[in-house]
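Here's the structure, in structure tokens; my notes come after.
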Amino acid sequence: MCNETWPTQSPCSKFSLGVLVLLALLMVLLSLVTILGNSLVILAFIMDKNLRHRSNYFFLNLAVSDFAVVLMVYECITLQKDTLSLYQQDFSQVST
């Protein structure tokens, strides 16, 4: 186990600092795209009364639940200080 403080590079890291920054940027970009897409689906359902059919409530439910997951879970993972250490772990050696 590596006990290094942020932002120094841990000696047990398998990736360079540039790769870790790229992964963090991709996580933020993915969350922003997901928030924007789900917001558009919810907004379209609210604004257009022709979309309010029984079958479209399923898509609204998916958009709302995905939106909630991104806001509650994914953002916490992205903002967590040890997020990038998840990519550094060797899961083949994790004991259960």
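For LEU26, state whether it is under 22 Å from CYS76 (Cβ atoms), modelled with pLDDT of 80 or more and not hydroxyl-bearing (Ser, Thr, Tyr).
yes
Pairs needed: first member in the range 18-39, more than 16 Å from VAL69 (Cβ to Cβ); second member anywhere, in a helix (DSSP H, G or I); C-beta distance under 8 Å; at least 6 residues apart or different chains.
Cβ pairs passing all conditions: LEU20/LEU84; LEU20/TYR87; LEU23/LEU84; LEU23/TYR87; ALA24/THR78; ALA24/THR83; ALA24/LEU84.
If you check ILE46 against the conditions, is it modelled with pLDDT under 80 and either more than 17 Å from LEU20 (Cα to Cα) or under 11 Å from the mean Cα position of the chain (by Cα) (or both)?
no
Spot the failing condition for PHE15; the list is (1) surrounded by 13 or more Cβ atoms within 10 Å (Cβ to Cβ); (2) part of a helix (DSSP H, G or I); (3) touching a Phe, Trp or Tyr at 6+ places or on another chain (Cβ under 8 Å), and only one is missed.
With (1) surrounded by 13 or more Cβ atoms within 10 Å (Cβ to Cβ); (2) part of a helix (DSSP H, G or I); (3) touching a Phe, Trp or Tyr at 6+ places or on another chain (Cβ under 8 Å) applied to PHE15, the lone miss is (2).
The values are calculated or read from the model by the stated rules, or taken from the named source; none is laboratory data. Everything quoted here is computed from the prediction, not taken from an experiment. Cβ sites come from the backbone with ideal geometry, for glycine too, and all protein chains shown count toward neighbours.
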